[in-house]
Amino acid sequence: MFVGFRRKYDNMTLFQKIRLSIQLFSVFPIILLFIFLILQSPVRWEQAAEEEMGNQMMEVFDAMVYKMNTIELMTKSIFSDTWFTAEVSRVVTDNSLGEYERLTFQKLTLSVLKTVSSINQIQASRLHLDYPMMREYLPYLYRMDRAAGNLWYAERKELSIQGSWYFDVTDGQAKTLYSGYFVGDDMVSYVMPVKVTNEMEGVYEVVMPMMELIPSIYEVEEDADTILIDSNGKLYGIDDNMGIFSDMAELERMLEIPSFCDYQVDGVKVWHIWKNSRPLMIVAQKHAGNDIWLIKAAFMDRQYRKGITEAVGILLVGGLILGVLLWSVNGIVKKLLNDFSVFSNCVKKVGEGGLDVRIPRLRQVEINALAEEYNGMLENVKKLTQDNIKREVSIKDMQLKALEKQIDAHFLYNVLESVKMMAEVRGMFQVSDALLALGRMFRYNLETGSHNVTLAEEIVYLESYLQLSNIRLDYTIQLSENIEDSVRALKVPKMILQPIAENAILYGLNELAEDTTIYLKAYIKGRDACIEMTDMGRGMDENSLDAVRKKISKRDDEKKGGIGLHNIHERIRLMYGDRYGVRIYSKNNCYTKVSILISAGELYE
Amino acid sequence: MVRYGIHVMIENSDVPFQEIDECRNGKEAVDYLQKNRYDLLLTDIRMPFMDGMELSNWIQHNLEQDNRPLIIAVSGYSEFEYAKGMLEAGAISYILKPIDRKEINRALWKAEEITRERGGDSPAGVIGNELTYINRKKMQQAVDYIRKNYDRPIDMAEVSNQVSMNYTMFSSLFKQYTGMNFTTWLRKIRIEKAKRLLQNTDNKLNEVCRSVGFEDASRFTKIFREETGMTPRAYRGKS
């Protein structure tokens, strides 16, 4: 699989590779980040909820402890006052006290205890003395046996001197046991053993509603319940509607704790469990001094849902950001690398044969620099090519000129001149004229300057040729010209008339060997110029004429015979176009006419 | 050789001239020009020491308008630059080698016309070399020689050689002595002889023309007619 991937990678364009790399490298950390965020999300809400509930719990706990401490402190301060205890013992033991004293005692002395009961919500502040037949001073002083039904009565002898808290003390107790005031349900009392004298011991009790001490457990909260576990393991404040748990055993089972009473913890402890497929968080704090637990259990559905939503939200946002990132990376890389595709397109065009293609100004600095260098290189190549061509041309030129020099035209002309003079002075004018014609032919052939001459010059050449031919041949050929003067300036290719005449002599006239005339006609027709040479020679039959016509228009290059009708035809076609060329007409035993059609060039009207 | 040929051509053109001087190169020409006033200069372009162009420029810069000769250029160069150069330097004609006798004729007559219009003296009579006694003797010798050798293609160089004289001098002296060009004189002799042959013999025309030194029948006929006013055949028929 990796091999396949590797191959695929190698085949990708640079653009794709860069895009892929950038995307991978930029996406990767973002993905990590988002994964981290997503995973953190539930953790965070859990922690936040924990913290909140923990703080709440601690607040409630501290409030409770504060209240408890206040009462304990007050209690302790009252009973550390020895005057008070002395007075109490005196009044209780002295049966002979007058009513007035007793009243005073009740009103003044015992009212010390009022300070406690005057605290808001304190139901009772009473001292139980274990002294039989003692007179009771309501509402503060009572005989111990009155408290026989109390929760703490059984343990009254073993109470810790610090005091203890008993919850739900009025459970099962008659409401009107303590006359003078109504006692409701759900009370908590703080009891402290008191030693009035060595012989007289008692228990001081402060009663308050449990709701006053810990309001939270009676509050109805949605999806949460605060409970109290007292030192005996009894649970208070269970909200039955919640259905979280109903007793200690169940709680212990849920939290997987063997025994709550023995369970030690410092500060706040938190559990996260699932109850009825709902997330439940339990926060517990223990009051070490009294072995009481304050526990809050709350269903975290909402927070959980919030957490999930947050996670999903993060996921979506992450996905969106990722998408935007990928798309913009794609766009940016494309734009940056656009220059590459421009570059490579231009290079391709050059490869297809356009040396004039130049790369336009590119946006990216480095590539533009490269492009400029490339353009410069193309410029150089073009220049070099042109220079090369020029050099080639000039070399050829030079070679031709050297060739010319070899022939040394001037030497030739001068020699001819001298020989001609030798004839001239002796009146040998025929010889002199022949030499003149010869000189003209030489001049025509040796001047390789241009490939075009004027018609006039071409005719001079033809005339010279015929003149010399006439010396050679037994018969005389006259040249009859039917040409307007203006046409004589027409530019024609070199060597088009003489070869035709040569042909005429070779094929048409030699066999007849009688004095004859060659007719030359030239005229302009529209944009074209037509030159016709007619000889009154043997002519050709149809077969021969056909053969000759085929030969003229044959396509392939013939090696033999450089200057022939075919050659003239080809040259004219190459120079002027397919429309132009050489045509031949003939009538057997009558005439042969060769017609040349070329463009009139500047001469046409 | 070429200079001689041109000399003959000038003679044969029948342009009225007084004297023909020849120089070997541009420098010599300058010397001659400084010594005498000439009406016409024929010059080549490629010459040692001083070429035709330089010579023409020298003339333009160093001679007064009135003293300048007309210039005819004769050259092997057909390149346009040379023609243009010479014409700009004051040439009235530019002739290519080998020289066409018709062309040089035209140029010479053109020069004559221009000179006449300029108001130059019409060369009346021949000035220059005098017919001394010795010269006279030589001329007679020449005439005799011609009379004996007319049937061959002789030229002035041969005859002047015969009488030990350079042809330039011979040319002008002959003209003084006989009153006409060597060529013309020779022609006349030949036609005379031809007339006699036509009258007295039955020789064919070809033979006649060849025996009087003409190379070619058509030419003979043409010249005969120029001289006598009738064709040889007609002349024969007359008598």
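Taking 18 Å as the straight-line reach from the Cα of A:K234, the lysines in range (excluding those fewer than 8 positions away in the same chain) are A:K286, A:K296. Taking all Cα pairs closer than 8 Å and separated by 6 or more residues, the relative contact order of region A:450-603 comes to 25 percent. Helix A:542-553 and the longest principal axis of the Cα set of chain A meet at an angle near 40°. Residue exposure proxy: A:W274, A:W165, A:W45, ordered by other Cβ atoms within 10 angstrom of their Cβ from fewest to most, comes out as A:W274, A:W45, A:W165. Quick one: Debye curve from the C-alpha atoms of region A:267-315, no solvent, what's log10 I(q)/I(0) at q = 0.13, 0.18, 0.22, 0.25 Å⁻¹? Once normalised to I(0) and log-transformed, intensities are -0.43, -0.65, -0.79, -0.88. By the rule of a C-alpha distance below 28 Å, with chain neighbours fewer than 8 residues away ignored, the lysines paired with A:K554 are A:K491, A:K494, A:K521, A:K525, A:K587, A:K593.
Ranked by the mean number of other Cβ atoms within 10 Å per residue, highest first, peptides A:25-36, A:436-447, B:11-22 order as A:436-447, B:11-22, A:25-36. The packing ranking of peptides B:157-164, A:304-311, B:170-177, highest mean first, is B:170-177, B:157-164, A:304-311, where packing means the average number of other beta carbon atoms within 10 angstrom of each residue.
What shape does region B:2-118 have by the C-alpha gyration tensor, where a ≥ b ≥ c are the square roots of the eigenvalues, rounded means a/c under 1.5, and otherwise prolate means a/b greater than b/c and oblate the rest? In terms of gyration-tensor shape, rounded. Binning the alpha carbon pair distances of region B:128-179 at 5 angstrom intervals from zero yields the distribution 5, 23, 36, 24, 10, 3, 0, expressed in whole percent. Each listed q (0.22, 0.25, 0.27 Å⁻¹) maps to a log10 I(q)/I(0) for region A:442-502, found by the Debye formula over equal Cα scatterers with no solvent: -0.94, -1.11, -1.22. Per residue, the convex hull spanned by the Cα atoms of region B:181-239 measures out at 67 cubic angstrom. Note: relative contact order over region A:4-130, using C-alpha pairs below 8 Å and six or more positions apart, is 14 percent. With the charge dipole of the protein assembly as shown set up from +1 on Lys and Arg Cβ and -1 on Asp and Glu Cβ about the Cα centre, the Cα lying farthest toward the positive end among the listed residues A:I122, A:L228, A:F2 is that of A:F2. Other protein chain C-beta atoms within 10 Å of residue C-beta, averaged over B:181-191: 1.
Principal-axis analysis of the Cα atoms of chain A puts helix A:365-407 at an angle of about 10° to the longest axis.
On full extension, the segment bounded by B:K27 and B:D14 gains 1.8 nm, given 0.36 nm per residue less the C-alpha separation. Listed by chain and number, the lysines whose alpha-carbon sits under 28 Å from that of A:K335, ignoring those within fewer than 8 places in the same chain, are A:K8, A:K17, A:K348, A:K349.
Mean per-residue shielding of peptide B:155-162 is 2, counting Cβ atoms of other chains within 10 Å of each Cβ. With the biggest extent put first, the Cα atoms of region A:7-129 measure 120, 22, 17 Å across the principal axes.
Computed over region A:355-395, the Cα gyration tensor eigenvalues convert (square root of 5λ each) into semi-axes of 29, 8, 4 Å, ordered from largest to smallest. Convex hull volume of the C-alpha atoms in region A:450-603, normalised per residue: 116 Å³.
Here the scattering of chain A is modelled by Debye summation over its C-alpha atoms, one equal scatterer each and no solvent; at q = 0.06, 0.07 Å⁻¹ the log10 of I(q)/I(0) is -0.66, -0.76. As a proxy for reagent exposure, A:H569, B:H61, A:H287, A:H272 were ordered by neighbouring Cβ count within 10 angstrom, fewest first; the result is B:H61, A:H272, A:H287, A:H569. Under the criterion of Cα pairs below 8 Å and six or more residues apart, the relative contact order for region A:307-389 equals 21 percent. Report, in degrees rounded to the nearest 10, the 0 to 90 angle that the Cα long axis of helix A:455-472 makes with the longest principal axis of chain A. Result, in degrees: 40. Distance distribution note for chain B: the fraction of Cα pairs above 31 angstrom is 34%. Averaged over peptide B:92-101, the number of partner chain Cβ atoms lying within 10 Å of each residue's Cβ comes to 6.
Counted by neighbouring Cβ atoms within 10 Å, the residues B:E113, A:E424 run from fewest to most as B:E113, A:E424.
Read the figures in this text as sums done on the coordinates, not as results from a lab. Treat the numbers as computed from the prediction; the structure is a model and nothing was measured. Glycine gets a Cβ as well: all are built from the backbone with ideal geometry, and neighbour counts include every protein chain shown.
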